[in-house]
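Below: one structure, written as structure tokens.
The values are calculated or read from the model by the stated rules, or taken from the named source; none is laboratory data. Bear in mind the structure is a predicted one, so any value in this text is a computation, not a measurement. When we count neighbours, we look across all protein chains shown, and the Cβ atoms used for this are built from the backbone with ideal geometry, even at glycine. The area values use the complete protein model at the heavy-atom level, side chains included, leaving out ligands, DNA and RNA. Shrake-Rupley method; radii C 1.70, N 1.55, O 1.52, S 1.80 Å.
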Amino acid sequence: MLNELLDRAIKGDEIAIAKLLTKIEYMTEDGIHALDYLITKSGNSHVIGITGIPGAGKSTLIGGLIQEYVSRGHKVGVIVIDPSSPFTMGSFMGNRIRMQDKTLLKNVFIRSIASRGHLGGISAEALMLTEALDGLGYDRIIIETVGAGQTDTEISESVHTILVLTVPGTGDDIQALKAGIMEIGDIYIVNKADRPDADLTYNYIRFAIESSEMPFRDGWKPIVVKTIATRNEGIKELVDKIEEHREFLIRNELFRKKVLNRRMKILELMARKQLSEIVNKIIKEKDSILLKEPISISLRQIILQVKELLDKKYQNI
Ligand SMILES: Nc1nc2c(ncn2[C@@H]2O[C@H](COP(=O)(O)OP(=O)(O)OP(=O)(O)O)[C@@H](O)[C@H]2O)c(=O)[nH]1
Ligand SMILES: [Mg+2]
């Protein structure tokens, strides 16, 4: 059953891919088996994270990126981490996308997943789906994260290129600088450049980069571009810059390193999740003890029980 689903997914059957991703997202036994296989095929896709304040135009911009990448012959996977912002083919195809729908449908897969209250902007599930889409041959993967400000720094370890979106004239640029978000971008995008003050914001960010006294991450000096996502303006140039960054990573042997970082991050996030599930379970069961016993005794009991459960759970490893 799994093999049949996996076969169909590998052949590009959209429904099979959707089913498979659900199994992986919810870590069913089949899902884990599928991921085990797909991970042996993955590691080649260029993974792009997009972050920025709510409403900055991330989803609109992704619509443009998809179109540009597909016209360049790529297959694009999109993962949107935000339950409040459902994002389907219909939501961006509208009138803006003139390309043959069939070409798009065949070469694009979009998946919206719940953030599960994870504040780091990225979850183990999102990264596992990235591995799966990568293994299925989507060679450009875009992840739209919840704009959670400084906690977004977590994505910098797990993707190849980070795009940070700002919009002119709202003071968001300055707020973003303060929040530390300006430290994580490889490419800064001043979207909504049809608004007044776009040049001001553009120059401001450039100045911040030029005058930065901190060493640039990976030795890459961040680039600033202007876009009008609603009119598809600046998208080609943006994709050129993303590709430039990709070549930079490959040249400096950082591309593979980031794939390994991503896998480490999956392991770390999964381990933390498992552990916290065990702790939650014990805490729930221990409610009554906590009321009766001194705290030091309760704590010792809880630690022993965690250890016991972990030993039991992992005795086969
Ligand atoms: N004027 C103008 N409006 C834009 C531009 N890009 C996006 N918008 C509009 O901004 C609004 C928000 O766009 P989205 O793409 O949903 O923004 P988002 O960052 O994905 O928002 P969340 O997912 O809610 O965080 C929409 O009404 C877009 O039409 C632009 O370049 N210029
Ligand atoms: Mg969005």
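Side notes on the structure shown:
- Qualifying residue in the range 31-50 (condition: touching a residue at least 24 places away in the same chain (Cβ under 8 Å), crowded, with 22+ Cβ neighbours inside 10 Å and within 13 Å of ligand 2 (Cβ to nearest atom)): yes
- Boolean, residue 233 is more than 20 Å from residue 46 (Cα to Cα) and in contact with a strand residue (DSSP E or B) (Cβ under 9 Å, 6 or more places away or on another chain): yes
- Residue count for the range 124-146, restricted to those that are in contact with a Lys or Arg (Cβ under 8 Å, 6 or more places away or on another chain), at pLDDT below 90 and surrounded by fewer than 24 Cβ atoms within 10 Å (Cβ to Cβ): 1
- Odd one out for residue 214, checked against (1) hydrophobic (A, V, I, L, M, F, W, C); (2) assigned to a helix (DSSP H, G or I); (3) farther than 24 Å from residue 142 by Cα: (2)
- Failed item, numbered, when residue 229 is tested on (1) open to solvent by 90 Å² or more (accessible area, probe 1.4 Å); (2) within 16 Å of ligand 2 (Cβ to nearest atom); (3) not charged (D, E, K, R): (1)
- Condition met for residue 197 (touching a Gly at 6+ places or on another chain (Cβ under 7 Å), surrounded by fewer than 19 Cβ atoms within 10 Å (Cβ to Cβ), modelled with pLDDT of 85 or more and at positive phi): yes
- Residues of the range 264-290 that turn out to be open to solvent by less than 50 Å² (accessible area, probe 1.4 Å) and not aliphatic (A, V, I, L, M), as a count: 3
- Residue among 188, 204 that alone is closer than 16 Å to residue 241 by Cβ and either assigned by TED's automatic domain parsing to the domain that holds residue 164 or open to solvent by less than 80 Å² (accessible area, probe 1.4 Å) (or both): 188
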